[in-house]
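*Asks:* Right, I'll just put the structure down here and ask away after.
The values are calculated or read from the model by the stated rules, or taken from the named source; none is laboratory data. Fair warning: this is a prediction, and the values are worked out from it, not measured in the lab. In this analysis, Cβ positions are derived from the backbone assuming ideal geometry, glycine residues included, and neighbour counts consider all displayed protein chains.
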Amino acid sequence: MIVVSFLFFLLVFVAIGTMAALANKGTNADYLLASSSIKPWLVALSAVATNNSGYMFIGLIGYTYTAGLQSAWLMIGWIIGDFLVSFFVHKPLRKATERTGALSFGGVLAQWNGTNFIFLRFAAGLITLAFLGTYAAAQLNAGSKALHVLLGWNYELGAVIGAFIVVIYCFAGGIRASIWTDAAQSFVMLAAMLLMFVMGIFTIGGIQEFSNQLSEIDTHYMDIFPQDLQYGAFLFVLGWIFAGIGVIGQPHIMVRFMAMDNPEHITRVRWYYYSWYSVFSILAIGTGLAARLLIPFDASFDTELALPILAQTLLHPILIGMVLAGLFAATMSTADSQIISCTAAVTRDLTKGKKLPYWMTKASTILITGIALVIALLGSDSVFALVLIAWSALAASFGPLLIVYALGGKPNEKLAFTMMLSGLAAVLIWRHLGLNVGIYEVMPGILVGLIIFIFGKILGFTLKEKTNT
């Protein structure tokens, strides 16, 4: 019954994605950017689903199961940072996309001020391919974990099926197919999380009993701050706010805003996006806490399997199939967004802006999907760890430059290139030294990039008036 239900709902999602073929215009602009025609509500729901699918369903619930209430800072800080930066970045990005005619995130950064930063664009393409490809592999890994628990399929089979679905989505309608399925999955994801949370509370014995049992787990399990913070609570929280600011460095999320039909609709997008995001995050954390009470703790237990095991414990087989299909399809839709962004990086940025035929763009999608699949099959890191590393690298590489551009800064290519690589290097060094335990590495990465700009501006590494060099 679970398998039948899973296949039914999964086919529904795949059908929605393939329907995008009806609107496909057969051009690179449509494949990579949906001809910048996406309505505000679709932009918002798609951005939430793409931002949170495998990370929220698998990573955040698993982290909450282990760490307790302190995981709330991943929601609070992330949303605050994302919300603040949206006021001065999203609209200028959409306008720059239209002004430059760029079809890739790296292309917009390279041409923002009427420039043509070829080497910057090439480097941006490499960074996107390396880290967003790893991020996509984490999504395939997330989906395969759920299938392993509920259906008994091995990890390799789940990842292969996911990769196949990604190719179907992409070939049907490119980024538009991803956005359409994202929107449908947003409703299923929210319904599934609400159902799991309510059923969990009911099984435990109500809100009061839920609260009482949580307080008995461990002395510090319900503490809002971790114990023995290396740099104190303020910098800990600020680190997660910077993680939210790092959203602007994620090509697969920002491409949604690049594809928006009208930059003047950004206020509506913001309202839809953050309302949905907040409710979804609260339910995910609540579900993680409920899972800790309903699933016996074991040191050998893979906490990222908490959601599928909880579903198996609480729900009717038909509903288990729905939850599993929603989870699996959501991770695949996020993966295909990331692979489309990697495709744009390969075909637009690594070629230094040369225009390739439409068929070569689609062929690149197959190659990149294959690479992501290999990483998923060979990688041993958790979904949560893979996402955090990739997120940090992309945020620190692209975030500072986008902030500077949005605020009117005009670095020349040398300075822009240095900002990008310095932010990336800061993240990798910070994590290597183990300092990310006290402060998430996005914060030093973004700050280093911004400081490099300030010094570069003082030294005159900015664009001269009336020139493009």
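*Asks:* For the range 290-310, which residues satisfy the criterion of being within 22 Å of PHE6 (Cβ to Cβ) and not aliphatic (A, V, I, L, M)?
*Replies:* ASP302, GLU304, PRO308
*Asks:* How many residues are under 17 Å from the mean Cα position of the chain (by Cα), over 17 Å from GLN111 (Cβ atoms) and hydrophobic (A, V, I, L, M, F, W, C) if we restrict to the range 389-426?
*Replies:* 7
*Asks:* Assess whether ALA192 counts as being within 22 Å of SER275 (Cβ to Cβ), touching a helix residue (DSSP H, G or I) at 6+ places or on another chain (Cβ under 6 Å) and either in contact (Cβ under 8 Å) with a residue 12 or more places away in the chain or surrounded by 15 or more Cβ atoms within 10 Å (Cβ to Cβ) (or both).
*Replies:* Judged against the criteria, ALA192 is a match.
Okay, residues lined up against (1) surrounded by fewer than 18 Cβ atoms within 10 Å (Cβ to Cβ); (2) at negative phi; (3) not small (Gly, Ala, Ser):
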position: GLY200; (1), (2), (3): no, yes, no
position: GLU209; (1), (2), (3): yes, yes, yes
position: GLU216; (1), (2), (3): yes, yes, yes
position: TYR221; (1), (2), (3): yes, yes, yes
position: ILE224; (1), (2), (3): yes, yes, yes
position: GLY249; (1), (2), (3): no, yes, no
position: MET254; (1), (2), (3): no, yes, yes
position: SER275; (1), (2), (3): yes, yes, no
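*Asks:* Right, next: Does at least one position in the range 62-82 carry a residue that is under 26 Å from ARG348 (Cβ atoms), assigned to a helix (DSSP H, G or I) and among the hydrophobic types (A, V, I, L, M, F, W, C)?
*Replies:* There is no residue in the range 62-82 that is under 26 Å from ARG348 (Cβ atoms), assigned to a helix (DSSP H, G or I) and among the hydrophobic types (A, V, I, L, M, F, W, C).
*Asks:* Residues in the range 347-363 that are closer than 12 Å to LEU129 by Cα and surrounded by fewer than 23 Cβ atoms within 10 Å (Cβ to Cβ): how many?
*Replies:* The total comes to 1.
Yes/no per residue for (1) surrounded by fewer than 24 Cβ atoms within 10 Å (Cβ to Cβ); (2) in contact (Cβ under 8 Å) with a residue 60 or more places away in the chain; (3) aromatic (Phe, Trp, Tyr); (4) within 29 Å of LEU229 (Cβ to Cβ):
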site	(1), (2), (3), (4)
ALA396	no, yes, no, yes
LEU401	no, yes, no, no
GLY408	yes, no, no, no
GLU413	yes, yes, no, no
HIS432	yes, no, no, yes
LEU435	yes, yes, no, yes
MET443	no, yes, no, yes
THR462	yes, no, no, no
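*Asks:* Kindly list the number of the only condition in (1) at pLDDT 90 or above; (2) under 18 Å from the mean Cα position of the chain (by Cα) that fails for ILE207.
*Replies:* ILE207 satisfies all of (1) at pLDDT 90 or above; (2) under 18 Å from the mean Cα position of the chain (by Cα) except (2).
*Asks:* Can I ask one more? Report every pair of residues separated by at least 6 positions or lying on different chains whose Cβ atoms are under 7 Å apart, first residue within the range 285-314 and more than 20 Å from PHE210 (Cβ to Cβ), second assigned to a loop (DSSP other than H, G, I, E, B).
*Replies:* GLU304/SER382
*Asks:* Let me ask something else about it. Identify the residue in the range 9-31 that is outside any helix (DSSP H, G or I) and not charged (D, E, K, R) and, among all such residues, is surrounded by the fewest Cβ atoms within 10 Å (Cβ to Cβ).
*Replies:* In this case the residue turns out to be GLY26.
*Asks:* Which of (1) in contact with an Asp or Glu (Cβ under 8 Å, 6 or more places away or on another chain); (2) buried (at least 24 other Cβ atoms within 10 Å of the Cβ); (3) modelled with pLDDT of 80 or more does ILE58 not meet, given it meets every other one?
*Replies:* Of everything listed in (1) in contact with an Asp or Glu (Cβ under 8 Å, 6 or more places away or on another chain); (2) buried (at least 24 other Cβ atoms within 10 Å of the Cβ); (3) modelled with pLDDT of 80 or more, ILE58 misses just condition (3).
*Asks:* What tally of residues in the range 335-380 results from selecting those that are of a type in the set (Gly, Ala, Ser) and touching a Gly at 6+ places or on another chain (Cβ under 9 Å)?
*Replies:* Initial filter on the range 335-380 (of a type in the set (Gly, Ala, Ser)): 335, 337, 341, 344-345, 353, 363-364, 370, 372, 376, 379-380.
Now restrict to residues that are touching a Gly at 6+ places or on another chain (Cβ under 9 Å): 335, 344-345, 353, 372, 376.
Residues in the range 335-380 being of a type in the set (Gly, Ala, Ser) and touching a Gly at 6+ places or on another chain (Cβ under 9 Å): 6 in total.
*Asks:* Counting only residues that are among the β-branched types (Val, Ile, Thr) and buried (at least 18 other Cβ atoms within 10 Å of the Cβ), how many does the range 419-430 have?
*Replies:* Number satisfying all stated conditions: 1.
*Asks:* If we keep just the residues of the range 145-180 that are crowded, with 24+ Cβ neighbours inside 10 Å and of a type in the set (Ser, Thr, Tyr), which is nearest to ASP261 (Cα to Cα)?
*Replies:* Result: SER178.
*Asks:* Go through (1) surrounded by fewer than 16 Cβ atoms within 10 Å (Cβ to Cβ); (2) within 20 Å of the chain's Cα centre (by Cα) one by one and return the number of the condition SER46 breaks.
*Replies:* Evaluating SER46 over (1) surrounded by fewer than 16 Cβ atoms within 10 Å (Cβ to Cβ); (2) within 20 Å of the chain's Cα centre (by Cα) leaves (1) as the failure.
Residue-by-condition table, conditions (1) closer than 30 Å to ILE217 by Cα; (2) among the hydroxyl-bearing types (Ser, Thr, Tyr):
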| site | (1), (2) |
| --- | --- |
| VAL12 | no, no |
| TYR31 | no, yes |
| TYR63 | yes, yes |
| ILE76 | yes, no |
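*Asks:* Does VAL269 qualify as being under 30 Å from GLY101 (Cβ atoms), β-branched (Val, Ile, Thr) and under 22 Å from the mean Cα position of the chain (by Cα)?
*Replies:* yes
*Asks:* While we're looking at this one, here's another question. Restricting to the range 213-240, give me the number of residues that are more than 16 Å from GLU441 (Cβ to Cβ), assigned to a helix (DSSP H, G or I) and touching a residue at least 60 places away in the same chain (Cβ under 8 Å).
*Replies:* 3
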